[in-house]
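Quick one: this structure, given as structure tokens, is what I'll be asking you about.
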Amino acid sequence: MKLTSVLLPIALISMLAACTPARDTQPVSDEAAPSTEPSYLFVQTAQSVESGDGTLTLKMVSPTTVYFTDRPERIAGHGHTTDFIAMWGDGDDSFNADPPNATLSVIGGEQKVEDIVVTLSNPRLDGQDLTYDVRTLEGSLPKNGRAAALFIDAVVLREPMRGRVVIR
């Protein structure tokens, strides 16, 4: 009886200790550590859009492309759209290697704003018109639309576009 009264509390304490998580362990994650290099997002605006046969054309596109980051450093600015197109294929992890998704927000019929998610590739500028090859992921591209903004997913740039402004 004495042995049971001694062993029972020891067994309970051992079980509780085994169920308590160790304080110095780190959670295991399948994801790689976040990059310390800023990831840039881009916005292009145009007076109107046209689409058809797997293409999207930003008509009268702005001569500048806005870019910004969130973390690890807040950066915002704009650079020439021609520079944006020129950097499309730069680096192993470029937009050419991994085409970006983008959301086209366009004023369509009856002044209704439509948002369409696409994958972009093969940008080409002809005067003031910027054409991309597109694959639609969500929504339906209008054949024609009025004022539009194209929000392009992020890429890590080794050398940011000209016109860089750091916001703190």
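Is at least one residue of the range 89-106 farther than 24 Å from Glu37 by Cβ and surrounded by fewer than 19 Cβ atoms within 10 Å (Cβ to Cβ)?
Within the range 89-106 (the criterion being farther than 24 Å from Glu37 by Cβ and surrounded by fewer than 19 Cβ atoms within 10 Å (Cβ to Cβ)), the answer is yes, since at least one residue qualifies.
Among the residues of the range 90-105 satisfying the criterion of being at pLDDT 95 or above and of a type in the set (A, V, I, L, M, F, W, C), which is nearest to the chain's Cα centre (by Cα)?
Ala102
Anything in the range 51-97 that is farther than 24 Å from Ile107 by Cα and aromatic (Phe, Trp, Tyr)? List them, or say none.
Phe84, Trp88, Phe95, listed by residue number.
Could you please find all residues in the range 107-144 being in contact (Cβ under 8 Å) with a residue 40 or more places away in the chain and touching a Lys or Arg at 6+ places or on another chain (Cβ under 7 Å)?
Ile107, Val118, Asp129, Thr131
Do we have Val134 as more than 18 Å from Met87 (Cβ to Cβ), modelled with pLDDT of 95 or more, of a type outside the set (D, E, K, R) and surrounded by 18 or more Cβ atoms within 10 Å (Cβ to Cβ) here?
Criteria met by Val134.
While we're on this one: Can you pull out every residue in the range 109-141 that is closer than 24 Å to Thr64 by Cα and over 23 Å from the mean Cα position of the chain (by Cα)?
Passing the criteria: Asp126, Gly127, Gln128, Asp129.
Moving to a separate point now. Which residues, counting only those in the range 74-113, are touching a strand residue (DSSP E or B) at 6+ places or on another chain (Cβ under 7 Å) and charged (D, E, K, R)?
Across the range 74-113, the qualifying residue is only Asp93.
Check Thr81, Thr69 and return the single one that is in contact with a Phe, Trp or Tyr (Cβ under 7 Å, 6 or more places away or on another chain) and either closer than 21 Å to Asp126 by Cβ or of a type in the set (Val, Ile, Thr) (or both).
Only one candidate qualifies: Thr69.
The values are calculated or read from the model by the stated rules, or taken from the named source; none is laboratory data. Note that this is a predicted model, so its numbers are computed, not measured. FYI the Cβ positions are ideal-geometry reconstructions off the backbone, even for glycines, and counts take in every protein chain you see.
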